[in-house]
Amino acid sequence: MKLLNLKLHWQILIALALAIVAGLVVGQDGLLLGVNVVAVFDFVGQLFLNALKMLIVPLIVSSIIVGVAGIGGSDALGRLGGKTLGYYALTSTFAIVVGLLVVNLVQPGVVDGSPEQVFGLSEDTEELKESLSDKGADDIVAIFLRMIPTNVVAAASAGQMLGLIFFSLLYGFFLTRVANQYAEVQYNFWQGMFEIMMRMTDLVMRFAPLGVFALVAETVANTGLAAFAPLAKFFFTVVAALAIHFFVTLPLLLRFLGRVHPARHYRAVSPALLTAFSTASSSATLPVTMDCVEKNAGVSNKTTSFVLPLGATVNMDGTALYECVAVMFIAQAYGIELSLATQFTVVLLALLTSIGVAGIPAASLVAISIILAAVGLPLEGIGLILAVDRVLDMMRTAVNVTSDSCGAVIIAKSEGEQGILEQEGKRSAEAAPAN
Ligand code: ASP
């Protein structure tokens, strides 16, 4: 893909713009001059997504093991873990509060008439309702039960990242506690796997412009513009709240907690943001996020390999914000006034479920259904937002990934790391060493 000597993020941006045009030209019937081009977009997009997903399991396992083993003693691990979780909780809470304020201010769901007629319930609602109807408080418990997998291989093959992360954290911790002769072999093995995965990521990323083009063109062709009209107010409420988090909250944190230049950081991680936007999956984007934060922003391997895999699953600011706005919107649409106590429950559940849900497309819908059931709102309310969910998914995933990357920089700075975001587009020739 070295067609032009343009930087990767420019190539991806151009691909994105072209994809929007192509998607609109092709339209919902998917045909161009009698050829089903949407099927071609789908094929190419899936190839790119598959290639990214292929990297995730070995990357998460090797990076966390190497990361935790590299941190050393339990004191250092406890400190880094504490900072990481503290950052995640802080930013997710900020995001939810912004969402709650904006949705209460704009009130996108307050209209005259039945919600089904005004917003147009999506056709797949019945099916969705069936698949979601048994959601409830037990599901929140189930999400966290999976944190300790009964079978780590099954967890890996089912993409249960929380379980995999938990196992890898323990493995890395005890790696440093076995006899030297074993520890050394183990460390080198996992370090080697990690280096190989990063190089494979570089290869996959060369195809990012093509993959992004295909994924976005397909989404635009399938969604069309008509779906947005009745939901424009909801759509822009979410976009505004996400924008406040993206353009105000996170840059302020970077500036005052991290003491780095926010614009420089955003430039460094732009390929990851664009990949997140195109794939709508934090997990699939993880290899790219790690690559950008380590090589472009200059954060040590030790910090990235601990903070980012954890963040891709646990830290989802955009998702938490979206869940909150969506539930409030559905309540408004049905004319149900939520008491302050219920709104507090929504906030708490949005925080909890955003930690537990997987970093895959449309994961929020499951979480929203859990919250709806918990606060006694009609489940079919989800049907109201389906038409615009995909595009909002792309945006919230970009925010999720941005927050993870900001966390890595802020935590690295607090650990006294030097040389972060000091030069524009810093890119070390070699992959950074473990310590
Ligand atoms: N797609 C989001 C992510 O991967 C999760 C969601 O909000 O649906 O981060």
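The values are calculated or read from the model by the stated rules, or taken from the named source; none is laboratory data. This structure is a prediction, so every number in the text was calculated from the model and none was measured. Note that we place each Cβ from the backbone using ideal geometry, even for glycine, and neighbour counts take in every protein chain shown. For the accessible areas, the whole protein counts, side chains as well, though only heavy atoms, and no ligand, DNA or RNA atoms are used. Shrake-Rupley method; radii C 1.70, N 1.55, O 1.52, S 1.80 Å.
For the structure I just gave you, tell me whether ALA22 is closer than 26 Å to ALA398 by Cα, exposed (fewer than 15 other Cβ atoms within 10 Å of the Cβ) and under 27 Å from the mean Cα position of the chain (by Cα).
In short, no.
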Scan the stretch 399-417 for residues that are assigned to a helix (DSSP H, G or I), open to solvent by 10 Å² or more (accessible area, probe 1.4 Å) and of a type in the set (D, E, K, R) and report the count.
-> 1
Since ALA156 meets every condition but one in (1) surrounded by 15 or more Cβ atoms within 10 Å (Cβ to Cβ); (2) free of Cβ contacts under 8 Å to residues at least 24 places away in the same chain, which condition does it not meet?
-> (2)
Within the stretch 76-104, work out how many residues are closer than 17 Å to GLY258 by Cα, among the aliphatic types (A, V, I, L, M) and in contact with a Leu (Cβ under 9 Å, 6 or more places away or on another chain).
-> 3
Filtering the stretch 165-182 for residues that are touching a residue at least 12 places away in the same chain (Cβ under 8 Å) and not hydroxyl-bearing (Ser, Thr, Tyr) leaves a count of 7
Of the residues in the stretch 290-348, how many are open to solvent by less than 10 Å² (accessible area, probe 1.4 Å), outside any helix (DSSP H, G or I) and of a type in the set (Gly, Ala, Ser)?
-> 1
Please specify each residue of the stretch 366-381 satisfying the condition of being open to solvent by less than 20 Å² (accessible area, probe 1.4 Å) and either within 16 Å of the ligand (Cβ to nearest atom) or over 17 Å from LEU231 (Cβ atoms) (or both).
-> ALA367, ILE368, SER369, ILE370, ILE371, LEU372, LEU377
Could you check how many residues of the stretch 287-325 are within 10 Å of the ligand (Cβ to nearest atom) and of a type in the set (A, V, I, L, M, F, W, C)?
-> 4
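Would it be correct to say that VAL248 is buried (at least 24 other Cβ atoms within 10 Å of the Cβ) and part of a helix (DSSP H, G or I)?
Considered against the rule, which asks whether it is buried (at least 24 other Cβ atoms within 10 Å of the Cβ) and part of a helix (DSSP H, G or I), VAL248 comes out as no.
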Residue list for the stretch 268-283, restricted to those being away from the ligand (no atom under 14 Å from the Cβ) and part of a helix (DSSP H, G or I) = ALA268, SER270, PRO271, LEU274
Taking VAL238 as meeting all but one of (1) over 22 Å from THR313 (Cα atoms); (2) within 16 Å of the ligand (Cβ to nearest atom), write down the number of the exception.
-> (1)
